[in-house]
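The next block holds one structure in the form of structure tokens; read it before the comments.
The values are calculated or read from the model by the stated rules, or taken from the named source; none is laboratory data. None of the values given here were measured: they were computed from a predicted structure. Every residue, glycine as well, gets a Cβ built from its backbone with ideal geometry; the counts of neighbours run over all protein chains shown. When the accessible area is computed, the model is the full protein with side chains, heavy atoms only, and any ligands, DNA or RNA have been set aside. Shrake-Rupley method; radii C 1.70, N 1.55, O 1.52, S 1.80 Å.
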Amino acid sequence: MAKNSGTITIKKYANRRLYNTGTSTYVTLDDLAVMVKKGEDFVVLDAKSGDDITHSVLTQIIFEQESKTGNTLLPVSFLRQLIAIYGDQLQMVVPSYLEHSMAALTGQQEELRAQITKSFGDNPVTRNMQLPMQLVEEQVRRNTEMFQKAMQMFSPFALGHSTTTEEAPRKQDNSKDIDELKTQLKQLQDKINSIDS
């Protein structure tokens, strides 16, 4: 697939086939996933109506990626929370919050890679080493703090400090959340390492 300088138009036909107008070839969802990973910008249009169906096609790619591997990026608890937000007042702010969170995660990813390269050098052996736990723990702590601050901004009373007996369970929940984030970060790093190698 040749890389185009602008946005590539993909047409989806009634028979579910996808046609890349930039390369004049039929492509698959896997091909589109590779294009996303390479940073290639594309839009998917319904060939008959001309409607932009990029969102549904990207969602389909995520569904396929989630079902193909044993390591999922979207834990059940996250999916439940996301579904619960539909129709809620927070629904309007969730897309921008998630976009900001993913941008922050991507930026932190590069920062972690740079720290590892600085510490261990850039060679095949150290490039595939697992992250030192202190770096991961620090990253998880920062992500958790960022999430808590954002949630306080949208719901100032939900995560406020209180002196009630709910304080102890909340600390246990935070510990569980941190462990879950650690697991997710490790899975993400394993996927990054498999892509890099």
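What whole-number value in cubic angstrom gives the convex hull volume per residue for the C-alpha atoms of the range 1-73? Spell out each step's value before the answer.
Working: hull volume 6.6 nm³, N = 73.
It is 91 Å³ per residue.
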For the range 1-73, the percent of accessible surface on carbon and sulfur atoms (probe 1.4 angstrom, ligands and nucleic acids excluded) is 51 percent
Pairwise label distance in nanometres, Gln89 with Asp46, each label 7 Å out on the Cα-Cβ vector | 3.5 nm
Antiparallel DSSP beta bridges within the range 1-73, as percent of all bridges there, nearest 5 = 60 percent
Per residue, what accessible area does the range 1-73 have, given a 1.4 Å probe and all protein chains present, in Å²?
-> 66 Å²
Any residue on another chain or 5+ positions along whose placed amide H is under 5 Å from the amide H of Ile8 is listed here as Asp41, Phe42, Val43
Phi angles of the range 99-104, converted by Karplus (6.51 cos²θ - 1.76 cosθ + 1.60, θ = phi - 60°) into ³J(HN,Hα) in whole Hz with x for Gly and Pro, give 4, 5, 5, 5, 5, 5
For Gln60 and Tyr97, calculate 0.36 nm times their separation in residues minus their Cα-Cα distance, and state this gained length in nm to one decimal.
-> 11.2 nm
